[in-house]
C-alpha cells in the first residue's frame, strides 16, 4: 500500500469518528497538542485529527491512558501551521517522524475522512 510506505515509521490505523464530548480537566491543550496533564515522557499512541474531533476522542484517549497506552493528540491545524513541508501530506509525515523520535511513538491513528486527512497522490493519478 502506498500510504503504508509513506508513513513507514509507525503502524497506521485510519478511522472515522463522529459525536461530541466535553474535554475533561485532565486533558490539556498546548499549542494544538492535547495530552494528559500527568507527566509523561514517552507516548505509545499519537492521534492526528482535525480540531473538530478532539472532544469526540476524549473517551478513547482516557481509555488508552488508563490501560497503559499513553496517548497524545495532535491537531491537523497545528501540523499545517507549524510543520515544514511542500504539501499537507508531507507535513503530516514529518510530524509523525518528529513525534516518533521525540516521544517514542509506537502507533499512529489518523482520524477523519479523505477530505480532512489528505493522502499522497501518485504522479499522473486523477485528483
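Taken together, the values in this text are just the output of simple stated rules run on the coordinates, not laboratory data. From a predicted model like this one, the values you see are computed outputs, not experimental measurements. Methodologically, a virtual Cβ is constructed for each residue, glycine included, from the backbone with ideal geometry; neighbour enumeration extends over all protein chains shown.
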Task: Chain lengthening between residue 102 and residue 116 when straightened (0.36 nm per residue, less Cα-Cα) - done: 2.5 nm
Task: Inter-label distance for residue 82 and residue 62, nm, one decimal - labels placed 7 Å from Cα along Cα-to-Cβ - done: 2.6
